[in-house]
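Chemist: Okay, here's the structure, questions in a sec.
Since every read-out is calculated from the coordinates, none of them should be taken as a lab result. Just so it is clear, the structure is predicted and the values come from calculations on it, not from any experiment.
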C-alpha cells in the first residue's frame, strides 16, 4: 500500500512549494540580526539534580527581545572538552523531563533541550505580528507586510542561537555538536543544521515544516498542517492569493534551507506517514548536498519507530 509516491520517485522529488527570490538575503539578514544580540545568558541550578551531572535552567535573549528557555545538563568531573547534543521537541510540546536526557549525559556529553517560543514550555513569545493570531504558528505573521515577522523565522533562529551558546560553553568541544528532533523537531533539526556552523551530526525524524504546497495538494492540510486550511478558509476562501501565500511560506520551508547544511544528516521516514507525508520530507532531503542517508520504515507512520533511539545513540557516538 502506498500513501505517497514510490520510493524511487521520492528519491528524485524536488518539491512543489515556491522559493522566494530574495530567500538567501532574507536568511543572511536574519542571521546578522541574531548575531548582533547580547544573549544575556543565565544558568540557574534546577531543583532536579543527580549525582553524576549538573542540571540547569538556561535562559537567553533571542530575536525580538524574547527570553528563551532551555534545559541544560552537563556531566560532572569531565577532564577535557566533550561533545554536546541539542534536542528540539514536537509541535506544541516542550523540552520534556530531565530524566530522559541522562543517557547521553552518562556518556559524558552535555545536553540541551529547547522550549520553542509560544508553545508548551517556558520560553517567551513577544508577538507583535499583524494579522491572524488565533491559531497556528506556521501562519503567524503571514499577513504582516514585513516577512521578518513570520514566527518560525524566530524559532529557527532560536535553534541556531542555542547551538551557538552550547558550543561556547567552556566544557563543550564546539566541533562535536549533534542535534536530534522528530516532527517539528525534525524540521528544526534541518533548519538549525542549515543556519548554525557548529553542527557535525543531525538526526531528523519525519521532519515537519517542509513543502507546504505539496501537503496542501495531497489534501493533508489537517492534523499538524491544519492551520493551512484554516487560513485559506478565513482569509483567502477563493484562493486568489494562493501563489503569494505559498511563496511567502517559502521563507520558512526547510527544503529551501537544506542546501546550506554542511554536517552529516540522517533522516528517518515512515512510508505510511499521513501527518508529514514522505514526499514533503524528501523535498528537503534531496536538496542536502552534504553527507547523508535516509532510514526507511515501510510499514510505519508518524509514530514511535522501533530501534530508532538505539540507532541514533550509536550514530551520535561518532561525534
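Chemist: For the chain, just the Cα set please: Rg and Dmax, both in angstrom.
Modeler: Rg, Dmax (Cα atoms, Å): 18.8, 63.
Chemist: Sticking with this one: If you wrap region 1-150's Cα atoms in a convex hull and average its projection over all directions, what's the area in nm²?
Modeler: That works out to 13.6 nm², a quarter of the Cα hull's surface.
Chemist: Taking springs between alpha-carbon atoms closer than 10 angstrom, which of 278, 83, 145 fluctuates most in the Gaussian network model of the chain?
Modeler: 145
Chemist: If you don't mind, there's one more thing I want to ask. Report the antiparallel proportion of the DSSP beta bridges in the chain as a percent, rounded to a multiple of 5.
Modeler: Percent antiparallel among DSSP bridges in the chain is about 40.
Chemist: Based on alpha-carbon centroids, what's the gap between region 37-86 and region 149-183 in Å, whole number please?
Modeler: Region 37-86 and region 149-183 have Cα centres separated by 12 Å.
Chemist: Counting residues in region 123-194 as N, plug N into 2.2 N^0.38 Å and put the Cα Rg over that result.
Modeler: Compared with the compact-globule rule of thumb, region 123-194 sits at 1.30.
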